[in-house]
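See below for the structure under consideration.
The values are calculated or read from the model by the stated rules, or taken from the named source; none is laboratory data. Not measured: the values here are computed from a predicted model. All Cβ positions, glycine included, derive from the backbone under ideal geometry; neighbour counts span all protein chains shown.
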Amino acid sequence: MIKAVIFDIDNTLYDFSTTTKLGAEAFARYCNVHFGMSIDEAERGWKEAYDAVMDRMGMENPAYHNRLVRSQYFLEKRGLPVFPHAMELAMTYWNTLIRNMKVEEGLVELLEALKNKGIKIGIGTNMTAFVQFEKIRALGISQYVDCMVTSEEAAAEKPTKPFFDYALGKLGISCDECVFIGDDAKNDMQGAKGAGMIPVWYTPHAGEADRRLIEELKVTDRIDNYRECILSDGGIRLGSVRI
């Protein structure tokens, strides 16, 4: 019996792929205005900062997501003043991204339907906690969420099993009582399946690499649009899972 559904955030509740590009463009414009840097140079520097911070910290350390740390690296590498620009750059990126978020079509209706059936709703995301909480608030869905787990809080990144076990512990359920919905084949689907949950793949923002891994993982349950999940008889369908 399904007792909870956990959702990823980025590219699952909203279109991260588009909004992160807008955030990076705003970062570059800031550099152009304040440092006379070309847009191309600033965009290359943003990518360089991402790679450098990830290489130093490793992808197992949730802090590598921190845009303030990346902005600090970007400025120090160029001998530019960290104060006040590191904070301003990070907030320029995030404020632009968050301002342009739009909740996925049909998601609110699905969340309401799950709530009406007494299903617990969780959020399970790789990222620093502050900004992920802010995204949930800005998307206008915080009233539906019973449990929030970020990799920063769990001290473990998806797809590792400790992340998913931590989320299950918060919800007080067993793995076979939980559906996990996400877009990322490795972090979400492989991770949830490895933890014994029921993985349901959200497809609209998935890339070709995700599709190949999904085939290898033999994950067959998928959602192409959240509106498809609400049935005419009042039931809910998440892939082949009926609630």
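Observations
- Residue among LYS170, LYS186 that is closer than 11 Å to ILE6 by Cβ, among the charged types (D, E, K, R) and in a helix (DSSP H, G or I): LYS170
- Contacts under 6 angstrom Cβ, first residue in segment 191-208 being more than 22 Å from MET1 (Cβ to Cβ), partner among the hydroxyl-bearing types (Ser, Thr, Tyr) and part of a loop (DSSP other than H, G, I, E, B), 6 or more apart: TYR202/THR12
- Pairs where the first residue, in segment 93-108, is under 17 Å from THR203 (Cα atoms) and modelled with pLDDT of 95 or more and the second is part of a helix (DSSP H, G or I) and of a type in the set (Phe, Trp, Tyr), C-beta under 8 Å, 6+ apart: GLU104/TYR226; GLU105/TYR226; GLY106/TYR226; LEU107/TYR226
- Taking the conditions (1) touching a residue at least 60 places away in the same chain (Cβ under 8 Å); (2) crowded, with 16+ Cβ neighbours inside 10 Å in turn, ALA155 satisfies each one other than (2).
- Among the residues of segment 196-209, those that are at pLDDT 95 or above and more than 17 Å from THR18 (Cα to Cα) comprise GLY196, MET197, ILE198, PRO199, VAL200, TRP201.
- Which listed residue, of VAL241, VAL149, VAL179, is over 18 Å from LEU13 (Cα atoms) and modelled with pLDDT of 95 or more: VAL241
Let's see how each residue does on (1) in a loop (DSSP other than H, G, I, E, B); (2) surrounded by 19 or more Cβ atoms within 10 Å (Cβ to Cβ); (3) touching a Lys or Arg at 6+ places or on another chain (Cβ under 6 Å):
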position: SER17; (1), (2), (3): no, no, no
position: THR20; (1), (2), (3): no, no, no
position: PHE27; (1), (2), (3): no, yes, no
position: GLY45; (1), (2), (3): no, yes, no
position: ALA49; (1), (2), (3): no, yes, yes
position: MET54; (1), (2), (3): no, no, no
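- Selection count where residues are assigned to a strand (DSSP E or B) and within 22 Å of ASN66 (Cα to Cα), scope segment 108-146: 3
- Subset of segment 93-107 [surrounded by 15 or more Cβ atoms within 10 Å (Cβ to Cβ), on the phi < 0 side of the Ramachandran plot and either small (Gly, Ala, Ser) or in a loop (DSSP other than H, G, I, E, B) (or both)]: ASN100, MET101, GLU104
- The residues of segment 191-233 that are part of a helix (DSSP H, G or I) and over 23 Å from ILE243 (Cα atoms), listed by number, are GLU208, ALA209, ASP210, ARG211, ARG212, LEU213, ILE214, GLU215, GLU216, LEU217.
- Hits in segment 204-243 (condition: exposed (fewer than 14 other Cβ atoms within 10 Å of the Cβ) and under 17 Å from the mean Cα position of the chain (by Cα)): GLY207
- GLU104 in contact with a helix residue (DSSP H, G or I) (Cβ under 8 Å, 6 or more places away or on another chain) and either within 20 Å of ILE9 (Cα to Cα) or not charged (D, E, K, R) (or both): yes
- Flag if LEU80 is in contact (Cβ under 8 Å) with a residue 12 or more places away in the chain, outside any helix (DSSP H, G or I) and over 23 Å from TYR14 (Cα atoms): yes
- Here segment 58-84 is the region considered, the condition is being hydrophobic (A, V, I, L, M, F, W, C) and farther than 17 Å from HIS34 by Cβ, and the residue that is surrounded by the fewest Cβ atoms within 10 Å (Cβ to Cβ) is MET59.
- The one condition in (1) in a helix (DSSP H, G or I); (2) hydrophobic (A, V, I, L, M, F, W, C); (3) modelled with pLDDT of 95 or more that ALA63 fails to fulfil: (3)
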